[in-house]
Amino acid sequence: MVATINSLDRLFIDPAEIPKINYINFPQGASRVSERKIQRVMLISPPATLFKGDLPRCTYPLGLGYIAAVLERYEYEVKILDCLVEGYYSKREVEGDENFITYGLDRESISAHISAFQPDIVGVSSIFSNQSDAVQEVFAAIRMAAPQALITTGGAHARYFPHNYIADFGVDAVFLSESEVNFLEYLEYQNGNYELESIGSIIAKDSGGRLVENPEMGLLREKERNANGFWAELDHIPFPAWHLYNMEEYFRIGAYQSPYTIGNRVAQIYTSRGCTAKCTFCTTTNFWGGKLRRRSPENVLSELSQLQEKYSIDEFHIQDDNITNDKQHAKYLFDQLREMNLPWCTPQGTALWRMDEELIDLMKASGCYQITFAIESGVQRVLNDLIKKPLDLAKTTHLITYAKSIGLSVHGFFIIGMPPMFGAPGETIDEMYATYQYADAAGFDSASFFTATPIVGSVLLSECMRQGFVASDTPLYRMSYKQGLVNVPGLWQGGEIAELAANFNREFNSRVKRPDRRREWTANQY
Ligand code: B12
Ligand code: SF4
């Protein structure tokens with residue numbers, strides 16, 4: 001089984017150290033379609049194995065949509081299979097683990113989809129550690145249905161287990177970061193038009209079975225600003241291939257990330273990639289290179305207009321890691337979003353430390369109806385010493401009341417159970433209660449209390465490993481923010497923290513009056 005701490009790759013270097021970054025662009029041309037050996041590409045998002053208390057949210061695998069759009073631009077034939085949306089109502093127990101449940105297509109059904117398409121190559125998304133055994137099921141399904149097809153994978157989980165995937169599961173190539181360009185280059189390599197050695201962020205076998213490794217990170221960036229002077233580093237990336245998603249099924253299921261979603265036809269959008277902060281629990285810095293790259297407001301509006309025109313969307317969710325990282329750019333964007341006249345929210349969490357009244361006014365005026373503030377802790381010491389989020393509570397808490405006062409609903413994200421880090425003492429149970437009290441006093445309408453979870457690629461994991469706070473056989477493939485995986489001898493056990501977080505969630509949210517929903521949400525499903 002992949003994804004225990006024992007099986008972490010040697011590439012799992014100090015997550016504070018980012019591999020060398022090269023800025024790259026799309027190639028000018030590609031091989032002739034008629035001469036291609038590899039032309040039919042299937043991109044698969046695996047089923048989801050979730051903690052029993054988690055709501056099976058079901059949203060578009062955007063990464064695969066972006067890759068597909070690029071491949072279509074170069075005339076490859078592409079299909080996206082999202083095993084979750086296609087098998088959403090089929091759920092099954094996880095053998096040997098009663099706390100988890102799997103949603104989505106089973107191996108036979110996945111095989112049937114693969115057989116029907118007969119791909120030359122399959123790319124399996126591996127962005128979630130808790131999907132890593134589902135990823136293995138997909139590999140097995142590929143072997144059953146298309147034994148000749150090349151197997152590849154990539155994403156925020158695959159990045160930390162590439163040798164494992166190749167040695168134990170017969171994968172041909174693992175992509176280590178952003179992959180719009182290197183996946184295309186890999187296809188071109190297979191079609192005799194490119195050198196494997198020239199591809200960045202990849203570990204792959206060449207035609208003779210030799211392993212080629214290049215951990216350097218290639219990040220897309222074109223021109224800096226557009227004609228109107230707005231940042232536009234990502235404007236050259238095509239919009240995700242929305243036409244390859246089963247849009248009506250996502251709309252029908254309606255299990256979007258936010259429990260407060262008001263629309264019935266919701267899209268999700270990325271307006272920037274990356275974040276420049278270095279919060280210890282977060283993997284963004286490591287995975288996206290700690291750099292911020294933006295799309296211009298015009299580019300974002302153009303995608304939203306297309307979504308409105310083609311799919312009649314009636315709401316959108318902004319999924320950026322940190323939408324307000326560049327406050328001025330965010331202001332320009334929100335100002336222009338008014339034109340869309342669509343409700344929107346930020347279920348992914350926004351950085352209170354990059355906000356002010358003017359920005360919140362612009363959000364409201366452009367259709368935002370709910371902000372999720374990612375506060376993490378109501379205790380400044382915990383923020384400074386353990387979480388390392390550049391948030392000053394004394395200077396910013398009033399913005400929460402301000403957002404409420406202008407009619408926005410406000411949700412808070414909090415983390416409890418931070419262990420000792422960098423020589424600073426771990427979070428005490430009293431400090432966790434203080435966070436609860438902070439959330440209460442700050443006036444949040446609702447809140448999520450997560451247990452500190454050592455995700456691969458986070459400094460939190462490396463600090464826990466260094467100090468022996470996580471067992472080496474900890475099943476990273478069963479991670480959820482509802483479990484307590486960190487044990488600090490003499491301070492607390494993970495189980496206690498998980499229970500405390502569950503109580504906080506229940507207590508805080510049981511009083512929330514929710515809008516009429518199509519589904520039942522329990523107080524612990526935040
Ligand atoms: C939106 C989102 C969700 C959505 C679902 C998204 C979906 N269907 O894809 C929802 C809300 C459901 C969700 C849930 C969870 N999430 Co989430 N989520 C995200 C988020 C914010 C954005 C994902 C995204 O669209 N990124 C933008 C696209 C462009 O990037 P991408 O998907 O990574 O794809 C690029 C590369 O990874 C690569 N790539 C990806 N797949 C493939 C495949 C191939 C073949 C190739 C070549 C390349 C490749 O190329 C792509 C293009 O450049 C990320 C953080 C982030 N910034 O990425 C967290 C993130 C993926 N989530 C995370 C986690 C932990 C969870 C949960 C476990 C939380 C929980 N409940 O406890 C659940 C698990 C859900 C599940 N299905 O099992 C972690 C995963 C870390 C880990 N190792 O597990 C992340 C990284 C955030 C973090 N905390 O650090 N999530
Ligand atoms: S501000 Fe948000 S996205 Fe940025 S490093 Fe911190 S948690 Fe991650």
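Does E178 satisfy being within 14 Å of ligand 1 (Cβ to nearest atom), part of a helix (DSSP H, G or I), within 23 Å of K20 (Cα to Cα) and acidic (D, E)?
Criteria not met by E178.
Being of a type in the set (A, V, I, L, M, F, W, C) and surrounded by fewer than 23 Cβ atoms within 10 Å (Cβ to Cβ) is the filter here; which residues of region 282-299 pass it?
Matches in region 282-299: W288, L292.
Specify the residue that is nearest to R57 (Cα to Cα); the eligible residues are those in region 252-265 that are assigned to a loop (DSSP other than H, G, I, E, B) and hydrophobic (A, V, I, L, M, F, W, C).
Per the criteria, the residue is A255.
Select, from G468, G484, G495, the only residue that is at positive phi and modelled with pLDDT of 85 or more. Outline the logic, then answer.
Numbers: G484 fails: at positive phi; G495 fails: at positive phi.
Going through G468, G484, G495 in turn, the sole match is G468.
Among G417, G423, G457, which is at positive phi and more than 26 Å from the chain's Cα centre (by Cα)?
Exactly one of G417, G423, G457 is at positive phi and more than 26 Å from the chain's Cα centre (by Cα), namely G423.
Which count do you get for residues in region 360-384 that are free of Cβ contacts under 8 Å to residues at least 40 places away in the same chain and either touching a strand residue (DSSP E or B) at 6+ places or on another chain (Cβ under 8 Å) or of a type in the set (S, T, Y) (or both)?
Filtering region 360-384 down to residues free of Cβ contacts under 8 Å to residues at least 40 places away in the same chain leaves 362, 365-367, 374, 380, 383-384.
Of the ones still in play, those that are also either touching a strand residue (DSSP E or B) at 6+ places or on another chain (Cβ under 8 Å) or of a type in the set (S, T, Y) (or both) are 366-367, 374, 383.
So the count comes out to 4.
Under 23 Å from A447 (Cα atoms), crowded, with 18+ Cβ neighbours inside 10 Å, not assigned by TED's automatic domain parsing to the domain that holds G65 and not hydrophobic (A, V, I, L, M, F, W, C): which single residue out of Y250, Y260 fits that description?
Details: Y250 fails: under 23 Å from A447 (Cα atoms).
Every option except Y260 fails the conditions.
One residue is enough: does region 83-103 have a residue meeting the conditions crowded, with 21+ Cβ neighbours inside 10 Å, over 23 Å from the mean Cα position of the chain (by Cα) and more than 10 Å from ligand 1 (Cβ to nearest atom)?
No, there is no match, as no residue in region 83-103 is crowded, with 21+ Cβ neighbours inside 10 Å, over 23 Å from the mean Cα position of the chain (by Cα) and more than 10 Å from ligand 1 (Cβ to nearest atom).
Within the group T285, T346, which residue is without any contact (Cβ under 8 Å) to a residue 40 or more places away in the chain and within 30 Å of L461 (Cα to Cα)?
Checking each option against the conditions leaves just T346.
If you check I429 against the conditions, is it more than 29 Å from Q493 (Cα to Cα) and surrounded by fewer than 19 Cβ atoms within 10 Å (Cβ to Cβ)? If you could, list the steps in order and put the result at the bottom.
Numbers: more than 29 Å from Q493 (Cα to Cα): no; surrounded by fewer than 19 Cβ atoms within 10 Å (Cβ to Cβ): yes.
In short, no.
Looking at region 266-281 only, could you name the residues that are buried (at least 18 other Cβ atoms within 10 Å of the Cβ) and in a loop (DSSP other than H, G, I, E, B)?
Hits for region 266-281 are Y270, T271, G274, C275, A277, C279, T280, F281.
Criterion first (over 29 Å from F251 (Cβ atoms), buried (at least 23 other Cβ atoms within 10 Å of the Cβ) and within 15 Å of ligand 1 (Cβ to nearest atom)) does N325 satisfy it?
When the stated conditions are applied, N325 does not pass them.
Kindly indicate whether S177 is assigned by TED's automatic domain parsing to the domain that holds P27 and surrounded by fewer than 16 Cβ atoms within 10 Å (Cβ to Cβ).
no
For (1) under 18 Å from P61 (Cα atoms); (2) in contact with a Phe, Trp or Tyr (Cβ under 6 Å, 6 or more places away or on another chain); (3) among the aromatic types (F, W, Y); (4) at pLDDT below 95, each residue gets a yes or a no:
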residue	(1), (2), (3), (4)
R92	no, no, no, yes
G123	yes, no, no, no
S126	yes, no, no, no
S132	yes, yes, no, yes
V138	yes, no, no, no
H163	no, no, no, yes
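Does V78 satisfy the condition of being buried (at least 19 other Cβ atoms within 10 Å of the Cβ), more than 10 Å from ligand 1 (Cβ to nearest atom) and at pLDDT 95 or above? Steps first, please.
Working: buried (at least 19 other Cβ atoms within 10 Å of the Cβ): yes; more than 10 Å from ligand 1 (Cβ to nearest atom): yes; at pLDDT 95 or above: yes.
Considered against the rule, which asks whether it is buried (at least 19 other Cβ atoms within 10 Å of the Cβ), more than 10 Å from ligand 1 (Cβ to nearest atom) and at pLDDT 95 or above, V78 comes out as yes.
With respect to A149, determine if the residue is more than 11 Å from ligand 1 (Cβ to nearest atom), surrounded by 20 or more Cβ atoms within 10 Å (Cβ to Cβ), within 30 Å of S302 (Cα to Cα) and aliphatic (A, V, I, L, M).
Answer is no for this residue.
The values are calculated or read from the model by the stated rules, or taken from the named source; none is laboratory data. No experiment lies behind these values; they were computed from the predicted model shown. Positions of Cβ are backbone-derived with ideal geometry, glycine not excepted, and every protein chain shown enters the neighbour counts.
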